[in-house]
Amino acid sequence: MIDDKRDEPHMKALLPRFRTRGITGTQLSGGKILGKERNPKLTGLNWIREAEEMLQTDPVVRRSWHMLRQTLLSATWRFVPGVENDPVSEELARYCNEAYGFDGYSGQMASCFEDQLTYLWEFVTLGYRYAEEIYKVGPDSEGKVRVWLDYYADREPSAHNRWLSQDGQHLDGVLQNVVGVTYTPEPIPANKLLLLTLNRTGSNFEGIGMLRPVWWWWRTKQRVSNLMCVGLERWAIPTPKVKVDRSQAEQQGLTDADLSVMIDDAADQAQAFLATEQSYLVESPVIQFDSYAMTPNLYSQGPLDIIKECDNQISQAFLAQFANLGISDTGSRSVGEVHLSMFRRAAINLCDIVASQISGPDRRGGGTVGRLIRWNYGYIDPSKLPRLTHTGLDTDDLAESLGVLPGLVQSGLLTPDDDLERAIRERLGAGELPEIAERSPQERSIQKGKGVAALAETLIRRKKTNG
């Protein structure tokens, strides 16, 4: 120990400062997040209703989200050991795979994990979504009694009331609204929740969903569409105009009362004509019909151009603008491939959010794996906890390089061995490579045009050798 007190300031400077001094900066008042959204129409339950209407009524919004969601649902999931070649880590990964139904296991859940992802992925559009973890007890494949996750019970944001936080910084739980009169929901603690948030900052547990930048363009598209339909309805059929020749009425000796009756009759004819109740008009020297102001006008190109731009902006918000190729001025395949690559990268990052929230130690709003492992195996070093991984969305370098493989082989930069052929056959779905078809690199590098003859000679040599 150091007795000299003169060295105490120096020693304190070498130690970390464990005291928390700052705040997150998020304004959380009464369980409501304030200051993040300036439009009152897009806060709380109002935002939920707007987002649901956007998905239910707009085909481009629905198409863009459907493309992204189907891509996310196509991922394949699996738990891997936290530490490779470690017996404890491998056993924990085996248990989690059995619990979730991965890696060939039938699963212990009431419904498969992929079905539950259909509603968990909705956090992408709204910004957040949480599910309550429901547990059960039962035997595993070896007959040992374990605690399992029965399913992630969906808790729709439309029933959300407020966030529970004692210090205004950390999540303690959530409280839901009373829906119906049969059951009053209790507060759900944070360590019983799987909270998924997109673009979370500070203590903003609601995040910012992909539909938020879409809203203005969606609303503009609605207004323009309504105005276009009103204009088409007004000017597609000419507005009838009743013309009265009073000089003819005086020559025929008609009184003002007679003239009023004739005008009323002409008005009834015009009304019936617009309502398609009759297809003709009866004129007279005194009463005649004309069209008001202009001839029929079906002008709609201007509104359609605005709607087209709104659709383009909506697609860009979901990084699905490549879906517009072929119906726009740009139809380049290379452009579409670049957009598709960005789209897949975004999907991979979203899968990483789900994987990271389920994995890891027990914590507020996440760490399902940590809770299950602690209840079944006791305290485990966090480094040995299984990690949830996903495959199927990564870019395939081999598939993208098939077009340049012949040039690489001819230049000698790539050797066409059996492993490469097996990999290509796997991508093409051609099955396993038969042993009799194995060829040496020299046989594979024969120039085009001599391949058939060389293959025949190879088979003849093998036949003689086997004979």
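The values are calculated or read from the model by the stated rules, or taken from the named source; none is laboratory data. The shown structure was predicted, so the numbers you read here are calculated from the model rather than taken from an experiment. FYI the Cβ positions are ideal-geometry reconstructions off the backbone, even for glycines, and counts take in every protein chain you see.
Quick one: D103 ticks every box in (1) over 25 Å from the mean Cα position of the chain (by Cα); (2) part of a strand (DSSP E or B) except a single one, so which number is it?
So D103 meets the others, but not (2).
Only one residue in E133, E90 is charged (D, E, K, R), in a strand (DSSP E or B), in the same structural domain as P382 (by TED's automatic domain parsing) and buried (at least 16 other Cβ atoms within 10 Å of the Cβ), so which one is that?
Being charged (D, E, K, R), in a strand (DSSP E or B), in the same structural domain as P382 (by TED's automatic domain parsing) and buried (at least 16 other Cβ atoms within 10 Å of the Cβ) holds for just one of E133, E90, which is E133.
Among the residues of the range 56-87, write down those that are buried (at least 16 other Cβ atoms within 10 Å of the Cβ) and part of a helix (DSSP H, G or I).
Residues satisfying the conditions are V60, V61, R63, S64, W65, M67, L68, R69, T71, L72.
Quick check: anything in the range 130-144 among the small types (G, A, S), within 27 Å of L393 (Cβ to Cβ) and in contact with a Pro (Cβ under 6 Å, 6 or more places away or on another chain)?
No, because not a single residue in the range 130-144 is among the small types (G, A, S), within 27 Å of L393 (Cβ to Cβ) and in contact with a Pro (Cβ under 6 Å, 6 or more places away or on another chain).
Being surrounded by fewer than 18 Cβ atoms within 10 Å (Cβ to Cβ) and closer than 21 Å to M109 by Cβ is the filter; apply it to the range 345-359 and report the residue that is farthest from the chain's Cα centre (by Cα).
Checking each candidate, the answer is S356.
Listed residues A267, A249, A190; which is surrounded by 17 or more Cβ atoms within 10 Å (Cβ to Cβ) and not assigned by TED's automatic domain parsing to the domain that holds D154?
None of the others qualify; the one that does is A249.
So that you can scan it fast, the table gives a plain yes or no per residue for (1) in a loop (DSSP other than H, G, I, E, B); (2) assigned by TED's automatic domain parsing to the domain that holds S284; (3) surrounded by 19 or more Cβ atoms within 10 Å (Cβ to Cβ); (4) in contact (Cβ under 8 Å) with a residue 24 or more places away in the chain:
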position	(1), (2), (3), (4)
G143	yes, no, no, no
V147	no, no, no, yes
D167	yes, no, no, no
V178	yes, no, no, no
G207	yes, no, yes, yes
W218	no, no, yes, yes
R223	no, no, no, no
L232	no, no, no, yes
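Could you check the range 270-290 and list, in sequence order, the residues that are surrounded by fewer than 12 Cβ atoms within 10 Å (Cβ to Cβ) and in a strand (DSSP E or B)?
Within the range 270-290, just D290 meets the criteria.
Working carefully through the options Y151, Y130, Y105, find the one that is out of contact with any Phe, Trp or Tyr (no Cβ under 7 Å at 6 or more places or on another chain), closer than 21 Å to R374 by Cα and touching a residue at least 24 places away in the same chain (Cβ under 8 Å).
Matching residue, one of Y151, Y130, Y105: Y151.
Per-residue answers, yes or no, for (1) charged (D, E, K, R); (2) under 29 Å from F343 (Cα atoms):
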{"site": "I48", "(1), (2)": "no, yes"}
{"site": "S64", "(1), (2)": "no, yes"}
{"site": "L73", "(1), (2)": "no, yes"}
{"site": "V80", "(1), (2)": "no, yes"}
{"site": "E90", "(1), (2)": "yes, no"}
{"site": "C96", "(1), (2)": "no, no"}
{"site": "D115", "(1), (2)": "yes, yes"}
{"site": "F123", "(1), (2)": "no, yes"}
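List every residue pair whose Cβ atoms sit under 8 Å apart, with the two residues 6 or more apart in sequence or on different chains, where the first one lies in the range 286-302 and is within 25 Å of V242 (Cβ to Cβ) and at pLDDT 60 or above and the second, anywhere, is surrounded by 10 or more Cβ atoms within 10 Å (Cβ to Cβ) and small (G, A, S).
As it stands, the answer is V286/A249; I287/A266; F289/A266; F289/A270; L298/A236, since those pairs meet every condition given.
Exactly one of (1) within 49 Å of the chain's Cα centre (by Cα); (2) free of Cβ contacts under 8 Å to residues at least 24 places away in the same chain is unmet by Q313. Its number?
(2)
Do we find a residue being modelled with pLDDT of 85 or more and under 24 Å from T125 (Cα atoms) anywhere in the range 177-189?
Yes, the conditions are met somewhere in the range 177-189.
Please count how many residues of the range 145-176 are within 22 Å of the chain's Cα centre (by Cα) and among the small types (G, A, S).
Matching residues across the range 145-176 total 3.
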